[in-house]
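*Asks:* The structure follows.
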Amino acid sequence: MEDDQIVELYWQRSTDAIAESSAKYGSYCHAIALRILGSRQDAEECVNDTWAGAWNAMPIHRPQYLGAFLGKITRRAACSRLTASRAEKRG
């Protein structure tokens, strides 16, 4: 499926958008998260956060390059998870 069709599914609020995104960009997003986090389990959770982030961001944005848009969301989620895991506990 083409990127513009997937974006249109997001705009229609169809859950097929997540399945299509995962099929087309799942391994790409997983590779980004895995390189940053180094843990397969954390990377998988991060990719799931990517689909939720895309679902929430899509009605506002209509990305021209869906792969880059999803990659950016993945990178942000992975960096946030890495920062949280390395933070010292207060107290």
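*Asks:* Kindly express, to the nearest 10 degrees and within the range 0 to 90, the angle between helix 40-57's C-alpha long axis and the longest C-alpha principal axis of the chain.
*Replies:* Computed tilt is about 50 degrees.
*Asks:* Relative to the longest principal Cα axis of the chain, at what angle does helix 66-86 sit, 0 to 90 degrees, rounded to 10?
*Replies:* 20 degrees
*Asks:* For the chain, which whole percent of the accessible surface, found with a 1.4 angstrom probe, sits on carbon and sulfur atoms? Walk me through the numbers on the way to the answer.
*Replies:* Values: 2870 of 5930 Å².
Accessible surface attributable to carbon and sulfur in the chain totals 48 percent.
*Asks:* Cα-based Rg of the chain per 2.2 N^0.38 Å, rounded to two decimals? Don't skip to the answer; put the middle values down first.
*Replies:* Numbers: Rg = 13.9 Å, N = 91, 2.2 N^0.38 = 12.2 Å.
The reported ratio for this selection is 1.14.
*Asks:* When ligands, DNA and RNA are left out and all protein chains stay put, how many square angstrom of accessible area per residue does the stretch 3-69 have with a 1.4 Å probe? All intermediate terms of the calculation are to be shown ahead of the outcome.
*Replies:* On the way: 3840 Å² over 67 residues.
Spelled out: the 1.4 Å probe surface of the stretch 3-69, per residue, equals 57 Å².
*Asks:* What is the Cα centroid distance between the stretch 49-69 and the stretch 1-48, reported in whole angstrom?
*Replies:* When both Cα centres are located, 10 Å separates them.
The values are calculated or read from the model by the stated rules, or taken from the named source; none is laboratory data. It should be emphasised that the depicted structure is a prediction, and the values quoted were computed from it without experimental measurement. Note: areas computed on protein heavy atoms with side chains; ligands, DNA, RNA excluded. Shrake-Rupley method; radii C 1.70, N 1.55, O 1.52, S 1.80 Å.
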